[in-house]
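For reference, the structure is listed below as structure tokens.
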Amino acid sequence: MKKPLRNQEIVWRIEKRRQSEALDALEAGRDVDELGTVTLIQAGVMHQLNLVGGMVWERCDGHRTVEDIVDDLAGEFDVERGVLKNDVEIFINDLLQKGWLTDG
Amino acid sequence: MDERQEILSAPLTFNWTLSYRCNFTCDHCYSRDEVCNELSTADNYRIIDVLAEQQIPFINFGGGEPLLRDDLFDIAGYATQCGLNVSMNSNGWLLDSKVAQRLRDCGFKSVGISIDSPEPTVHDQFRNMPGSFTRATHALDSLADSGLKSTMSSVVSRINYRCFQDLLDLARDHHVTQIYLHNFKCSGRGFKNRENLDLTPEEWQTFYREALATKERISDLIISFDDPVIASLPGYQHQSMVKGSSCGKLSLHLRPNGDITPCGFIPVVVGNILKDDFETIWFESPVLKAMRSKVASGKCASCSVFEDCQGGCTARAFATTGDFNQPDPHCWK
Ligand code: SF4
Ligand code: SF4
């Protein structure tokens, strides 16, 4: 089973204050899709991931399978597991294609 | 959106002047007249602890000439150990193959060498240092031999804007993969010599059009420039997450005594990294807040690209008018 691993060349950081703001906003029922909570710098270019993307990224440590990541996030978000799994897989496949993740 | 949500939790880069001392006296230098106490090695380690705690990923030593600090290797080594990505800019005079190896061994990720003209005599004259072109190109070769990534930095001015393609060739000849074309800042000696060195707004426009087209066309060399005043030009893509100047939003500058300024070219101290709480400075400084929410003034007020350009380079506007909100003097609109 796939154990996605972050590309070691990418420098990244959790935006702590924004992450807690996003969690508060989510709690209050607001849409947080557009709020970047993880910053990535790849070849001098900056990118941001939103709350869910950032939480997946944090967990792509080469030790957890996609299933493990979904299990982990299912506890954090109030979403049907099948929907969450589908979203996580699409996200991970996209990053694998970009070379930001490898199959650890 | 809440203003705070738009700013990052901390800057991504600290441009760090360990010392204003230099073995050169270049015509465009912003820092020749600066005098400032320098901190001990131990205090610089304490700064690194703060930067690591704030999860600031990049530091870039500039100056002054960083290699004049004997403890540069120790400071860089400690920063690397703490997880920071370390780079620096040097005039290359003191950088031979032994030094290149030491820089690599203590963890530097890349080292930039300043070269302002492809013509050795022009470079030497501009830098007021005979032989400096040869030493600078040797420095690039030593870096390449050591396996450490080298970059080349050129401040665009009247002496080189017509021949910048030759600067690209020079970079290629010395195995450089990235060249920074720095926009001319009217600070320090650059301010005093700006009549002779600065381009007219129209010349800036012509230069940037060609530079953008070249950047688009070539793939063997990364051309980097970070000048918000080009936001109105075709081909300008937003690679930066912020609009306008990045200082105070993505980066800050450290003076040799630990004082923080928004950038090396804006001499306004917003706090001291060893004495003040960093998060209070970053989120609450009135100066940083003013830089992040500029008010369109003068011709910017009716300009269609203000949203992207934000009045251009804040340092240049401030140096020439004393007001962050005035239009960048390089603007051709
Ligand atoms: S531009 Fe750099 S090398 Fe030249 S005098 Fe200033 S600090 Fe020294
Ligand atoms: S007028 Fe102001 S906002 Fe417009 S391009 Fe010039 S500096 Fe930028």
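In terms of packing, defined here as the mean over residues of other Cβ atoms within 10 angstrom, the peptides B:148-156, B:215-223 line up highest first as B:148-156, B:215-223.
Helices of chain A meeting both criteria, an alpha-carbon length of 24 angstrom or more along the long axis and an average Kyte-Doolittle score not below -1.0, with helices taken as full DSSP H segments, are A:81-98. Set the Förster distance to 41 Å, then compute FRET efficiency between A:N93 and B:D141 from the Cβ-Cβ distance, nearest 0.05. FRET efficiency, A:N93 to B:D141: 0.40. Built from the Cα atoms of chain B, the convex hull projects on average onto 15.7 nm², one quarter of its surface area.
In this structure the range A:4-99 gives 52 Å² per residue of accessible area when probed at 1.4 Å with all protein chains present. List the DSSP H helices in chain B whose Cα atoms stretch 20 Å or more along the helix axis and whose mean Kyte-Doolittle hydropathy is at least -1.0. Helices meeting the criterion: B:132-146. Over all orientations, the protein assembly as shown has a Cα convex hull whose mean projected area works out to 21.6 square nanometres. Among residues other than B:E203 whose Cβ falls under 10 Å from its Cβ, what is the net charge (Lys/Arg +1, Asp/Glu -1)? Taking every Cβ under 10 Å from that of B:E203, the sum is 0.
Is the range A:4-99 rounded, prolate or oblate when judged by the Cα gyration tensor, a ≥ b ≥ c being the square roots of its eigenvalues, rounded requiring a/c under 1.5 and prolate requiring a/b larger than b/c? Since a/c reaches 1.5 but b/c is at least a/b, the shape of the range A:4-99 is classed as oblate. Ellipticity at 222 nm from helices only: DSSP H runs of n ≥ 4 in chain B, each -39500 (n - 2.57), divided by the residue count, give -10000 deg cm²/dmol.
Using C-alpha pairs under 8 Å with a sequence gap of at least 6, the mean separation divided by the residue count of the range A:4-99 gives a relative contact order of 26 percent. Simple rule: put +1 on each Lys or Arg Cβ and -1 on each Asp or Glu Cβ in the protein assembly as shown, find the dipole, and look at A:N50, B:I48, B:P256; the Cα lying farthest toward the positive end is B:P256.
Taken about its Cα centre, the protein assembly as shown carries a charge dipole of about 1060 debye when Lys and Arg each add +1 at the Cβ and Asp and Glu each add -1 at the Cβ.
Our estimate of slack between B:R172 and B:T200, defined as 0.36 nm per intervening residue step minus the Cα-Cα distance, is 7.2 nm. Put simply, the amide H of B:T151, placed in the peptide plane, has neighbours under 5 Å in B:V111, B:G112, B:I113, leaving out anything fewer than 5 places away on its chain.
Counting only protein heavy atoms, what percent of the accessible surface of the range B:27-99 is carbon or sulfur at a 1.4 Å probe? It is 46 percent, rounded to a whole number. Close amide H partners of A:K2, meaning residues 5 or more places away or on another chain with modelled amide H under 5 Å apart, are A:V66.
The values are calculated or read from the model by the stated rules, or taken from the named source; none is laboratory data. Since we're looking at a predicted model, the values are computed, not measured. Neighbour counts run over all protein chains shown; Cβ positions are idealised from the backbone, glycine included. Accessible surface is based on the protein model in full, side chains and every heavy atom, while ligands, DNA and RNA are left aside. Shrake-Rupley method; radii C 1.70, N 1.55, O 1.52, S 1.80 Å.
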